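Enquirer: Take this structure first; my questions come after.
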Amino acid sequence: MRLLVTGATGYLGWRATVLLRERGHAVTALARPGARDRAAARTLDTVACDAGDPTARDLVAGHEAVLHFAGLPDPARAREDPAAAVRANAGTTLNLLEACAHHGAALVYPSSVRAAVEPAPDPYAASKRLGEEACRLHAAPTTVVRLASVFGPGQVAWEGATGAIAAFAARALEGRPIVIPGRPDRTRDFLYVDDLVEGLERLLCAGAWGTVLTAASGVSTPLAEAAQAARDAAGTGVEIELPGGDLPAGENESYAPSATDRRLPLTARPLQEAVTAYVDWLRRHPAAQGRAQA
């Protein structure tokens, strides 16, 4: 298929671009000028353009579908600037929907399981839900995919990436204690990024538009258990500290997909297997060199 991937130097966009190209798809990688430098993406050939710029609409021509990973994925930054989060997560989406309608392409909008919660637990969830609404109201063919806690190659805490397992793995490889503020028993559904991309490829090839799907492993894991998995994969035996305390709205809650949600078809590998594969990838990452490692 001929695909346009936005946010291609971000970790989800990068991994999707790499894997889909390996599987024979023709992928145009779109990256915002001035995006954060990430070592894994330095050799990726990209087109420099903001997904929210009107000129980006012309780039959709000749593609069958758009995977729209560009946006603001960080709840903390969304709390600091909610208006910027709405522009990044909803405004860019509307811009691309206009292009898809004009050029006869479809759009896959990666949202968040947080967007299913009402009322929205935080500005990040609200901005993602507004992006979903843009898809629902628009004439262009779309599918919304609500993502659980996706982790894996390309997600590097040393380069500023957020995510629990990314943070746990980085600390374990450094030989530093893993710190879990708030409730350590709160759960997340952790999904390996390669398994997500497999599901997205199935979706694209089937052309199943006009629905809302959830991408998840189907297993809710307490953060303390995920920290243990990262420690075991790193083999460093670091301590897991549980200081407790209050967290910002939306951060101290558990997020598990509903049993009635329609699921993105994928095969999720077990958490320990996935974390071990991720830690092995991190060990080879340039940012890991010179750090304390097992």
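The values are calculated or read from the model by the stated rules, or taken from the named source; none is laboratory data. For clarity, every value in this text was computed on a predicted model and none was experimentally measured. Every residue, glycine among them, receives a Cβ derived from its backbone with ideal geometry; neighbour counts consider all protein chains shown.
Enquirer: Working only within the range 64-76, note down all residues that are in contact with a helix residue (DSSP H, G or I) (Cβ under 7 Å, 6 or more places away or on another chain) and assigned to a helix (DSSP H, G or I).
Expert: Listed by number, the list holds a single entry, PRO75.
Enquirer: Strands (runs of 3 or more DSSP E) wholly in the range 195-265 with at least 2 residues that are within 30 Å of CYS100 (Cα to Cα) and modelled with pLDDT of 95 or more - which ones?
Expert: 211-215
Enquirer: Return the total of residues in the range 36-63 being assigned to a loop (DSSP other than H, G, I, E, B) and surrounded by fewer than 16 Cβ atoms within 10 Å (Cβ to Cβ). Break it down into steps so the answer makes sense when it comes.
Expert: Taking the range 36-63 as the starting set, the residues that turn out to be assigned to a loop (DSSP other than H, G, I, E, B) are 36-38, 42-46, 49-55, 60-63.
Filter once more, so that each one left must be surrounded by fewer than 16 Cβ atoms within 10 Å (Cβ to Cβ): 36-37, 42-43, 45, 53-55, 61-62.
So the answer is 10.
Enquirer: Can you name every residue in the range 1-35 that is out of contact with any strand residue (DSSP E or B) (no Cβ under 7 Å at 6 or more places or on another chain), among the hydrophobic types (A, V, I, L, M, F, W, C) and assigned to a helix (DSSP H, G or I)?
Expert: Matches in the range 1-35: TRP14, VAL18, LEU19.
Enquirer: Which number in (1) touching a helix residue (DSSP H, G or I) at 6+ places or on another chain (Cβ under 7 Å); (2) of a type outside the set (Ser, Thr, Tyr); (3) within 26 Å of ARG21 (Cα to Cα); (4) surrounded by fewer than 24 Cβ atoms within 10 Å (Cβ to Cβ) marks the one condition that TRP158 misses?
Expert: Going through (1) touching a helix residue (DSSP H, G or I) at 6+ places or on another chain (Cβ under 7 Å); (2) of a type outside the set (Ser, Thr, Tyr); (3) within 26 Å of ARG21 (Cα to Cα); (4) surrounded by fewer than 24 Cβ atoms within 10 Å (Cβ to Cβ) one by one, TRP158 breaks only (3).
Listed here are the residues, each with its yes/no results for (1) surrounded by fewer than 17 Cβ atoms within 10 Å (Cβ to Cβ); (2) β-branched (Val, Ile, Thr); (3) over 19 Å from THR187 (Cβ atoms).
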| residue | (1), (2), (3) |
| --- | --- |
| THR221 | no, yes, no |
| ALA230 | no, no, no |
| ALA234 | no, no, yes |
| ALA249 | yes, no, no |
| ASP261 | yes, no, no |
| PRO270 | yes, no, no |
| ALA274 | no, no, no |
| ASP280 | yes, no, yes |
| ARG283 | yes, no, yes |
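Enquirer: Tell me yes or no: at least one residue of the range 100-109 is among the hydroxyl-bearing types (Ser, Thr, Tyr), under 19 Å from ALA215 (Cα atoms), in contact with a strand residue (DSSP E or B) (Cβ under 9 Å, 6 or more places away or on another chain) and at pLDDT 95 or above.
Expert: Yes, there is a match, as at least one residue in the range 100-109 is among the hydroxyl-bearing types (Ser, Thr, Tyr), under 19 Å from ALA215 (Cα atoms), in contact with a strand residue (DSSP E or B) (Cβ under 9 Å, 6 or more places away or on another chain) and at pLDDT 95 or above.
Enquirer: Restricting to strands (runs of 3 or more DSSP E) lying wholly in the range 95-156: which have 1 or more residues that are more than 17 Å from the chain's Cα centre (by Cα) and in contact (Cβ under 8 Å) with a residue 24 or more places away in the chain?
Expert: Result: 106-112, 142-147.
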